[in-house]
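Each remark here refers to the structure printed beneath this line.
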Amino acid sequence: MLLIEPERKIQTINKLIRKDSKIIKLLKEYVGYKCQFPDCNSLIPDKKRGVNYVEVAHIQPVHKAGQSIIGNLIVLCPNHHKEFDLGEPDIFIQNKHIISGILNERNFEINLFNSYSYEIK
Ligand SMILES: [Zn+2]
């Protein structure tokens, strides 16, 4: 029998270590693990965790100095997250209470004040 060793490569990984996991977890909990995009009913059960799978998007991207703060974060399903990343949304209003704009020729308005009924410290 011929023994063939697998080829091995050494790679350097450049990974940004983020410290926003606490606020991301809290936001997901506060919105009940639901996409905040208007009229989205996406449900992707995460059976290991017993919740609906959602992601948290930065309106102003991290690579453009966007911060992980209320007013710059929204909880989205993976489809809406990718749509935000690729769709180059036009944001009209962005503050702690509301995010509104146009995404792929659709107006949207997300009322954060109602979604985040808790004080996040
Ligand atoms: Zn969605």
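Can you name the number of the only condition in (1) more than 16 Å from the ligand (Cβ to nearest atom); (2) surrounded by 19 or more Cβ atoms within 10 Å (Cβ to Cβ) that Ala57 fails?
For Ala57, the failing item is (1).
Being in a loop (DSSP other than H, G, I, E, B), more than 16 Å from the ligand (Cβ to nearest atom) and open to solvent by less than 80 Å² (accessible area, probe 1.4 Å) is the filter here; which residues of the range 1-54 pass it?
Within the range 1-54, Asp20, Gly50 meet the criteria.
Considering only the range 61-99, state which residues are crowded, with 17+ Cβ neighbours inside 10 Å, under 20 Å from Tyr30 (Cα atoms) and within 16 Å of the ligand (Cβ to nearest atom).
Selection gives Leu73, Ile74, Val75, Leu76, Cys77, His80, His81, Ile99.
The values are calculated or read from the model by the stated rules, or taken from the named source; none is laboratory data. These numbers come from a predicted model, not from an experiment. Every residue, glycine among them, receives a Cβ derived from its backbone with ideal geometry; neighbour counts consider all protein chains shown. When the accessible area is computed, the model is the full protein with side chains, heavy atoms only, and any ligands, DNA or RNA have been set aside. Shrake-Rupley method; radii C 1.70, N 1.55, O 1.52, S 1.80 Å.
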